[in-house]
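Undergrad: Would you mind keeping the following structure in view while I ask a few things?
Read-outs: derived from the displayed coordinates by stated rules, not from any lab. On a predicted model such as this, the values are computed, not experimentally measured, just so you know. FYI the Cβ positions are ideal-geometry reconstructions off the backbone, even for glycines, and counts take in every protein chain you see.
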Amino acid sequence: MAMRVATVGNFKGGTGKTLLSKQLGEDAAILRGLRTLLVDLDPQGNLSRRFLEMDVDDKGGFVPPIHPDFDLYKEDEPEWDGRDSSASIWLHGVSEPYPTRFENLHIIPAHSADLQRVDLLDEAEIYSKVANYFRDFIWTELFQDRFDIVVIDTRPSQGPLVQAALHASTHVVIPTQMESPSVEGLQGMISLISQVNAGRSDDDQLKLVGILANMFRTNLSIHQEFMAQMLEDPTIGPHLLDTVMHDWAGYKMSMVYGSPSLFQGSKSDKHYVEARQVCDLIIEKVLA
Ligand SMILES: Nc1ncnc2c1ncn2[C@@H]1O[C@H](COP(=O)(O)OP(=O)(O)O)[C@@H](O)[C@H]1O
Ligand SMILES: [Mg+2]
């Protein structure tokens, strides 16, 4: 199977990008046994913090821990300080994925300060330096042999890092909250996808897997009305996935470092059932 690369994006923050990235990674690795790589391209590092014990710098930014294989590589790579992140891809041309406590699931974590530096490059440099560089790295033969699926979590703003993620991807998924700013954020993503596709050949188009209505509250009439509006919108309606994720505290809890995967819990638990339905739908489209 050819490797698949899926970006989770929305220019608005707090729509559930990180939660969905984590859930997709855990479905792919734990339920399907796919060799899965998560890439954290958000300087906030929330995805990394779910899986690794991150260190904190003096400005409150996150720094990945010492890689567990550092001792093995130390002598061959005297330049390496033992920490790697998604920013190392640009800054050092290498980045060794970290294992997580889940079999088949690796992560290239964020480094807050270094990723901020990458995201400051100006427009002219985006494609030549940032986007092409990242794409070439993700699509090396080594990674294609090593991973079946890559899921990239992005930051909620337009910039080089989001452009790079899309440029390297085969698929995109957009989670949205039931409110206008997230819908504006997702419309921004949809136009960026068209822009990216204009520069790609017909057999290499970036596919929008779907828009996921997240933090849905069944008993809120404004959410019902909002859903109806989205369904009617010609740019959104056709892409809306027909399962939603409800606003449930158990999802938030499952983001905590060290907590078990929802997919290791009871199969009759409502979070297990719903998250599996959503992630299966998305992953099957990505693998199709
Ligand atoms: N369906 C949900 N139910 C409950 N809490 C959620 C749900 N989706 C996301 N959250 C929580 O809302 C906050 C924002 O979600 P997050 O995934 O971090 O958004 P983003 O990455 O888009 O900024 C986090 O605390 C997250 O755990
Ligand atoms: Mg996030």
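Undergrad: With bins 10 Å wide starting at 0, give me the P(r) of the range 143-285 over every alpha carbon pair, in whole percents.
TA: Per 10 Å bin, starting at 0, the Cα pair percentages come out as 10, 35, 37, 16, 2.
Undergrad: Please pull out the direction-averaged projected area of the range 4-287, using the convex hull of its alpha-carbon atoms, in nm² to one decimal place.
TA: 15.2 nm²
Undergrad: Can you run phi through the Karplus equation (6.51, -1.76, 1.60; θ = phi - 60°) for the range 191-200 and list ³J(HN,Hα) in whole Hz, with x for Gly and Pro?
TA: Using θ = phi - 60°, the values come out as 5, 5, 4, 4, 4, 4, 5, 4, x, 10 Hz.
Undergrad: Around A29, what is the net charge, scoring Lys/Arg as +1 and Asp/Glu as -1 over all other residues with Cβ under 10 Å from its Cβ?
TA: -2
Undergrad: Could you tell me the distance between the Cα centroids of the range 1-75 and the range 151-176, to the nearest Å?
TA: If we compute the Cα centre of each part, the gap is 14 Å.
Undergrad: What's the ranking of 72-80, 234-242 by average number of surrounding C-beta atoms within 10 Å, highest first?
TA: Those peptides, ordered most packed to least, come out 234-242, 72-80.
Undergrad: Which order results if L31, L206, L37 are arranged by neighbouring Cβ count within 10 Å, fewest first?
TA: L31, L206, L37
Undergrad: Let me ask something additional. List, in order, the whole-Hz ³J(HN,Hα) value for each residue of the range 149-166 obtained from phi through the Karplus relation with A = 6.51, B = -1.76, C = 1.60 and θ = phi - 60°; use x for Gly and Pro.
TA: For the range 149-166, the Karplus-derived couplings read 9, 10, 10, 10, 8, 10, 8, x, 7, 6, x, x, 5, 5, 4, 4, 4, 5 Hz, x marking Gly and Pro.
Undergrad: Restrict the search to the range 198-288; then list the chymotrypsin sites (Phe, Trp or Tyr not before Pro) that DSSP places in a loop and that have at most 12 other Cβ atoms within 10 Å of their Cβ.
TA: Y257
Undergrad: A follow-up question, please. May I ask you to sort E96, E284, E26 by Cβ crowding, counting other Cβ atoms within 10 Å and putting the fewest first?
TA: Least to most surrounded, the residues fall as E284, E96, E26.
Undergrad: In bins 5 Å wide, starting from 0, what share of all Cα pairs of the range 108-187 does each bin hold, as a percent?
TA: 3, 12, 22, 23, 19, 14, 6, 2, 0
Undergrad: Additional query: Give the cross-link partners of K267 among the lysines, using a straight C-alpha distance below 25 Å as the criterion and excluding same-chain residues fewer than 8 apart.
TA: Correct list for K267: K17, K22, K252, K285.
Undergrad: Please list, in order along the range 26-39, the HN-Hα scalar couplings obtained from phi with the Karplus expression 6.51 cos²θ - 1.76 cosθ + 1.60 (θ = phi - 60°), rounded to whole Hz, x for Gly and Pro.
TA: For the range 26-39, the Karplus-derived couplings read 6, 5, 4, 7, 7, 7, 10, x, 6, 6, 10, 10, 9, 10 Hz, x marking Gly and Pro.
Undergrad: Still on this model: Can you put I222, I89 in order, fewest other beta carbons within 10 Å first?
TA: Least to most surrounded, the residues fall as I222, I89.
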